[in-house]
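Undergrad: If you scroll down you'll find the structure; I have some questions about it.
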């Protein structure tokens, strides 16, 4: 399999798109060679971030790609939307903080599940979350 040609974009608008993004991430990560434990972690992180897109915006997308860093392979997940943006990013990254009725674990939980995690957000311009998981 040619892992260099594995970029995939999944539109995320409805709850069913969360399931599709999760399954696509799990499938690609499996082809890369991640363990079953890592597959669960990756799928969980993608679910949380995709759920945020559905919950807080009118839609966005999750882009999955295989990445290389010297001799290592990994999976990169970019979730982006054109939503309202996050007003206080440092507060949003704290466990338990939520502007809805959720547990407030989406962003901070996803950060713990992945090896690299970055959020960029601007009021009125949307949010982009970039997550990476590397093969051990």
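The values are calculated or read from the model by the stated rules, or taken from the named source; none is laboratory data. Values in this document were obtained by computation on a predicted structure and should not be read as measured data. Methodologically, a virtual Cβ is constructed for each residue, glycine included, from the backbone with ideal geometry; neighbour enumeration extends over all protein chains shown.
Undergrad: Quick check on this structure: which one of 50, 24 is at pLDDT 90 or above, within 20 Å of residue 123 (Cα to Cα), touching a strand residue (DSSP E or B) at 6+ places or on another chain (Cβ under 6 Å) and in a helix (DSSP H, G or I)?
TA: Matching residue, one of 50, 24: 50.
Undergrad: For the stretch 71-115, how many residues are outside any loop (DSSP other than H, G, I, E, B) and either at pLDDT below 80 or surrounded by 14 or more Cβ atoms within 10 Å (Cβ to Cβ) (or both)?
TA: 20
Undergrad: Given the criteria more than 18 Å from residue 113 (Cα to Cα) and either touching a residue at least 24 places away in the same chain (Cβ under 8 Å) or crowded, with 17+ Cβ neighbours inside 10 Å (or both), does residue 54 qualify?
TA: Yes; evaluated as a whole, the condition is true for this residue.
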